[in-house]
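J.: This is the structure I have questions about; it appears just below.
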Amino acid sequence: MKTTETIIILFIAVWFYLGYLGFKIAKRGGYSGVTGFFIVIIGNFLGLFFLILRNKFSKKMASIKQDKVDKQESNTKKIISLLNKNSLPDFYLIQESNFNKNNEHWSKYLELYEAEEEKKLALKQQIRKLESDKEDILIKKYGKRNYDKAKKGELFIDMDEELLIIAKGQADNIEERVVNKVKKYKWFYGKYETNRGTINYKFEVSLEGKKVIGWKNI
């Protein structure tokens, strides 16, 4: 047999052996063995390399998918455990589970959820009532005109510090000094830091006792 013919026969044998490997690798990965065979026959070593990488990628994706399923099942068990204790599960926990309306505990979840929403609504109504009652007290104490000014953020002489807080909020800093046995204060607002690291303020309100006596931009 001539050398050229021997080389051709060996080449064809190797070629078909690679195709056989492609067939086996594809089958192992859950794909069509015939498709794997032809991928390698056409692509040779590149086709074989492609099949190996595809199998590894598929296994990794399957592992990730299984981990997700396991996590969802674990979270569902946690949800059911909480429901059995009459405790409402966190919404994020539900999102990260496979718990849905098809679950036999769904009605229990809805019951607890509606009860929680009713509690929140009752609390909001209670807060609104307290705020309304407080507003009525302040109006009676300082008069509606002065209270409305404070609500709009307006300052005026002899304004009480309680109204000042309504108008400007809590001060960023307060300085106190005593002059002729009278306590005087400076309330500073608009705190900021200079390039040198010094703390400064944009606005200053002066008080004598608990009454506003003046203000200025700094």
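J.: Just add up the charged neighbours of Lys108: K/R +1, D/E -1, any other residue whose Cβ is under 14 Å from the Cβ of Lys108.
T.: My count for the surroundings of Lys108 gives -2.
J.: With a/c under 1.5 counting as rounded, go ahead and sort the range 154-217 into rounded, prolate or oblate using the C-alpha gyration tensor (a ≥ b ≥ c being the square roots of the eigenvalues; past the cut-off, prolate if a/b is larger than b/c, else oblate).
T.: oblate
J.: Multiply the residue gap between Asn180 and Asp133 by 0.36 nm, knock off their C-alpha separation, and tell me the result in nm, one decimal place.
T.: Using 0.36 nm per residue and subtracting the Cα-Cα distance, I get 13.0 nm.
J.: Separate question: Give, in nm to one decimal, the length gained when the segment between Lys101 and Leu123 is fully stretched (0.36 nm per residue of separation minus the Cα-Cα distance).
T.: Here the answer is 5.1 nm.
J.: Would you please classify the overall shape of the range 51-201 from the alpha carbon gyration tensor, given that a ≥ b ≥ c denote the square roots of the eigenvalues, rounded means a/c under 1.5, and beyond that prolate means a/b larger than b/c while oblate covers the rest?
T.: In terms of gyration-tensor shape, oblate.
J.: For the range 83-156, count the residues as N, evaluate 2.2 N^0.38 Å, and divide the Cα radius of gyration by that value, please.
T.: 1.93
J.: Here's another thing I want to ask about it. Taking the Cβ of Asp136 as the center, what net charge do the other residues with Cβ under 12 Å away carry, scoring Lys and Arg +1 and Asp and Glu -1?
T.: Residues near Asp136 contribute +2 overall.
J.: Once amide H atoms are placed 1.01 Å from N in the peptide plane, what residues at a sequence separation of 5 or more from Ala171, or on another chain, have their amide H within under 5 Å of its amide H?
T.: Counting only residues 5 or more places away or on other chains, the set is empty.
J.: Okay, next question. If I stretch the segment between Asn84 and Asp70 completely, what's the gain in nm (0.36 nm per residue apart, minus their alpha carbon distance), one decimal?
T.: 2.9 nm
Laboratory data are not the source of any read-out in this text; all were calculated from the coordinates shown. The structure presented is a predicted model; accordingly, all values stated were derived computationally and were not measured. FYI the Cβ positions are ideal-geometry reconstructions off the backbone, even for glycines, and counts take in every protein chain you see.
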